[in-house]
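A quick write-up on the structure given underneath.
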Amino acid sequence: MSILSYDFRSFLRYDELAAWLHALAAAHPRLLTVSAYGRSHEGRALLLATLTDAQTGPHDAKPAHWVDANIHATEVTGGVAALYLIHALVTRHAAGEPVATEALRTRTFYVAPRVNPDGVEAALGSRPRHHRSSVRPWPWPSGHRWPGLHPEDVDGDGRVLQMRVPDPDGAWVEHPEEPRVLTPVGPLGAPEGARRYRVFTEGLVEAYDGFTVPAPRDPAGLDLNRNFPVGWSRAIPGAGDHPLSEPEVDALVRAICARPNVCGYNAFHTSGGMLLRPSSSAPDSTLPPVDLKVFASFGAHFTPLTTYPVYSVFESVTWDPAKPMGGVADDWAYEHLGVYAWTTEFWDAIYRVTGVHSTQDLWYMGPTPEQHLAMCRWCDARGVDGYVPWRPFAHPQLGPVELGGVDAFRVWVNAPACVLKEEVAPHADVAIYQALASPRLEVKGVWVDELGGGLWRVRAGVANVGWLGTEVTQWARDRGLVLPITLELSGVEVVEGEALSRAGQLAGRAAFTHSGGALAEGTPDRLSRAWVVRAAPGDEVVVTARHPRCGVAVGRARVGG
């Protein structure tokens, strides 16, 4: 079977993903190229797909949208979404679909579908091990296994499930309607006759003393999404030795900064079915109000497409505001680059099975027993092996245990195969929409008037035809993060005026809708320049407008034409 027959209903291993990307690029060389922007801790190439219509200009001469995925090892749904976006762009363009054709004609997409290939390989292996993110041993570089539980597949069935041990003091009992689902023991104790269990994630116990099973001091290890150079602190779990200490994050930041045409950013994660926006560490009152309005405008389009509500991380998702998240990618993209940045948390299992969105504390509180029961029944009705009957197992440290319960990786952390493509597909339209909102320069006209004596006056009109302003965000504008437009006149001798000049910034159409309702603001989206030149009839005048984010636009006129 051809690798190009991949149907987005499974998770590709690294070699399969690389083969698929290269095969698609070979099939669409005008639209897609694949390159490496760095190497992972274990030496795997970090792959970047660059998508644009090469016949309408190079990728770095157009405004761009950046998407990356799989920075967290087990959140593999995001990687499928990134691959689906790549596939949707090239196949829709090939089919002549107008929006995709316009997007690739005028914009560039940079897609890094697997930021953390080492961690994902461990999660998708035949005997999986689940890391939070990087597989590099940290904070103890020796990789010593400290006493306690280390989650992994102990029986070799390709899954990391649950382990339960009968214990009269256990915190769990079987749900009265479904033994695969456990329910907590409340303050009044267990129902009479109910067997209580102590429950662990499937794994091995290092240095078991026969009585206690501590969690290792740093069970999650490195978290690559706490290693970005914004709000970084060693007090944040998994933050690394210093900002950009990890090769995957260092390479990602350098790759993005090497592409100043990036005007928007989205990181694909799981789970919860949410679109998260900055800030992770500060209240909305510290952000420019116009940026909040633009985020809301995007969300008003994105939520109907995807069903995903929009939340501020700090205002709505942070468990303890006194201990906010820091070192995260979307905050870095917004604060350091000054672009509208998002984290997409794919897959709200609760919404799928109940029609009610997950609460914002799901990451901290987890599903309720009734939500587990609903998911168990949903899985059974669709033939999804998400809740496994308990079976005895001779554990090498704990002795007799039972393995089973929920396969959280396959049904809670990630969308099951039967709905995977359906879950990720609408997000291609989200990326295309934000890309088409980016600023873009056009030279609207170059006019040449004769002055006599071989002298001519040249006038040029330049416009930002995009929805956003050339600086993209107010945050960027306030901090001077973006270099201005430059105009260059070439082809003739300039007598008066600068052949190369700075021309400031231009508003976009969003300014007209975020300006207090006024409809006659003038032309903040346009600029003009004039020069006196010496030329002969028939000479060509070339005006080139450049902007690091908005691309390159060229206008031409013939002297005396």
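Any read-out appearing in this document is the output of simple, stated calculations on the displayed coordinates, not a laboratory observation. Owing to the predicted nature of the structure, the values given are computational and were not obtained by experimental measurement. Note that we place each Cβ from the backbone using ideal geometry, even for glycine, and neighbour counts take in every protein chain shown.
On alpha-carbon atoms, Rg over Rh for the chain using Kirkwood Rh?
On the way: Rg = 27.5 Å, Rh = 26.0 Å.
Computed over Cα atoms, the ratio is 1.06.
About its Cα centre, the dipole of the chain is roughly 1300 debye, where the only charges are +1 on Lys and Arg Cβ and -1 on Asp and Glu Cβ. Take every pair of alpha-carbon atoms less than 8 Å apart whose residues are at least six positions apart; their mean separation over the length of the chain yields a relative contact order of 15 percent.
Calculate, for ASP284 and VAL356, the FRET efficiency according to 1/(1 + (r/R0)^6) with r their C-beta to C-beta distance and R0 35 Å; round to the nearest 0.05. Let's see the in-between values first.
On the way: r = 26 Å, r/R0 = 0.73.
It comes out at approximately 0.85.
To the nearest 10 degrees, how steep is helix 289-306 against the longest Cα principal axis of the chain, on a 0 to 90 scale? That helix lies at roughly 60 degrees to the long axis. Kindly express, to the nearest 10 degrees and within the range 0 to 90, the angle between helix 247-257's C-alpha long axis and the longest C-alpha principal axis of the chain. That helix lies at roughly 20 degrees to the long axis. The alpha-carbon of LYS444 sits under 19 angstrom from the alpha-carbons of these lysines, leaving out residues fewer than 8 places away in its chain: LYS62.
Straightening the chain between CYS418 and ASP380 buys 12.4 nm, computed as 0.36 nm per residue apart minus the Cα-Cα spacing. Below 15 angstrom from the Cβ of HIS242, what's the summed charge of the other residues (Lys, Arg +1; Asp, Glu -1)? Every neighbour counted, the sum reads -2.
What's the longest piece of the chain with no exposed trypsin sites (Lys or Arg not before Pro), counting a site as exposed if DSSP puts it in a loop and it has at most 16 other beta carbons within 10 Å? Walk me through the numbers on the way to the answer.
Values: sites that count: ARG9, ARG13, ARG30, ARG145, ARG195, ARG217, ARG234, ARG509.
Looking at the chain, 235-508 is the longest stretch - no exposed trypsin sites (Lys or Arg not before Pro) with at most 16 other Cβ atoms within 10 Å.
Relative to the longest principal axis of the Cα atoms of the chain, the long axis of helix 426-436 makes an angle of roughly 30 degrees.
Computed over region 358-491, the P(r) curve from all C-alpha pair distances, binned at 10 Å from the origin, holds 9, 19, 17, 14, 13, 11, 8, 5, 3, 1, 0 percent per bin. Between ALA258 and HIS175, the simple spin-label model (points 7 angstrom out along Cα→Cβ) gives 5.0 nm.
With runs of 4+ DSSP H residues as the only contributors, calculate the mean residue ellipticity of the chain at 222 nm using -39,500 (n - 2.57) per run, divided by the residue total and rounded to the nearest 500.
Numbers: 14 runs with 135 residues, N = 561.
The helix contribution divided over the chain gives -7000 deg cm²/dmol.
Please compute the Cα-Cα pair-distance distribution of region 441-558 with 5 Å bins starting at 0, giving whole percents from short to long. Spelled out bin by bin, region 441-558 gives 2, 12, 21, 20, 16, 12, 9, 6, 3, 1, 0 percent.
Return the Rg/Rh ratio of region 247-347 with Cα-based radii and a Kirkwood Rh.
0.95
The local environment of HIS22, defined by Cβ-Cβ distances under 12 Å, has a net charge of -2 under the rule Lys, Arg +1 and Asp, Glu -1.
Expected output is a single nm value to one decimal: the length gained when fully extending between TRP140 and THR212, i.e. 0.36 nm times separation in residues minus the C-alpha distance. What is it?
Details: separation 72, 0.36 × 72 = 25.92 nm, distance 2.28 nm.
The span from TRP140 to THR212 would gain 23.6 nm if fully extended.
Length gain on complete extension for the stretch ALA45 to ILE3, per 0.36 nm per residue less the alpha carbon to alpha carbon distance?
Extending this stretch completely gives an extra 13.2 nm.
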